[in-house]
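Structure, as C-alpha cells:
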Amino acid sequence: MAKAWVLVANHTDARMFEAEHRASALKELDVLHYPEGRMKGRELLADAPGRVFDRFGHASRGMGNMGDLRRDGGEKFAREIAHALERGREEGKFENLYIVAEPKMVGPLRNALSATTRAAIAGETGKNLVHSEPDEIRKQLPDFL
C-alpha cells in the first residue's frame, strides 16, 4: 500500500501528516512556522519606504508596496514547504500527496514544487485547516488515500 502525506498550510504555518494505510488516521510528522507572515507590512521593512512628491502641488505619497512584500513572503514560505516535501519524496517517504491549504497558498505551493512532486499530488482542497485537529482534517480528505 502506498503511503500518503497530507500538507495542511496557510501563510504562517504548515503541518505535515502521514497516512500509513489507505483509510488510516493522520499522524503528524512535522510543523513549519513562518513568523514573518504575521508581521504588518511596515514591520517587514528595515526602514520606511521612500516618499515621492507630485509635480504640481504639495502632495506626497509613499513609494513602497506592502502587498508585494506579503506576496514575496508567502512565496518564500511556499519554497520552504516545497523543499521539505521534495526531500520526503526523494527519500521515498510518500507516493501520494494531498494539499489542504488556504486558497492564496495553493498556487505558490504548486509553483514551488518540482514537476515530479507535482505529479504526486492526488488532491487539493482550498481551506485553512492548519489549526484543526487531525480528525477534522481527515474528514476533508477522500475515504481512501
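The values are calculated or read from the model by the stated rules, or taken from the named source; none is laboratory data. Note that the coordinates shown come from a computational prediction; the quantities given were computed from them, not determined experimentally. No Cβ is skipped: glycine too gets one built from the backbone with ideal geometry, and neighbour counts run over all protein chains shown.
To keep it simple, each residue is scored yes or no on (1) within 17 Å of Leu113 (Cα to Cα); (2) at pLDDT 60 or above; (3) surrounded by fewer than 14 Cβ atoms within 10 Å (Cβ to Cβ); (4) in contact with a Ser or Thr (Cβ under 8 Å, 6 or more places away or on another chain).
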position	(1), (2), (3), (4)
His11	yes, yes, no, no
Glu20	no, yes, yes, no
Arg51	no, no, yes, yes
Ala59	no, no, yes, no
Gly73	yes, yes, no, no
If I ask for residues that are modelled with pLDDT of 90 or more, within 25 Å of Gly74 (Cβ to Cβ), hydrophobic (A, V, I, L, M, F, W, C) and more than 14 Å from the chain's Cα centre (by Cα), which ones from segment 22-46 would you list? Leu26, Leu29
Just one of Ala115, Ala120 is modelled with pLDDT of 95 or more and touching a Leu at 6+ places or on another chain (Cβ under 8 Å); which is it? Ala120
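Take segment 88-124 and flag every residue that is of a type in the set (Asp, Glu) and farther than 21 Å from Glu75 by Cα.
Glu90, Glu91, Glu95, listed by residue number.
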Ser132 passes all but one of the listed conditions (1) of a type outside the set (D, E, K, R); (2) part of a helix (DSSP H, G or I); (3) at pLDDT 95 or above; the exception is number (2)
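What is the residue count in segment 95-109 for residues that are among the charged types (D, E, K, R) and over 9 Å from the mean Cα position of the chain (by Cα)? Don't jump to the end; show me each part of the working.
To start, the set of residues in segment 95-109 that are among the charged types (D, E, K, R) comprises 95, 102, 104.
With over 9 Å from the mean Cα position of the chain (by Cα) added as a condition, the list becomes 95.
Residues meeting the conditions: 1.
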Considering Gly126, Gly88, Gly92, which residue is at positive phi and more than 10 Å from the chain's Cα centre (by Cα)? Gly92
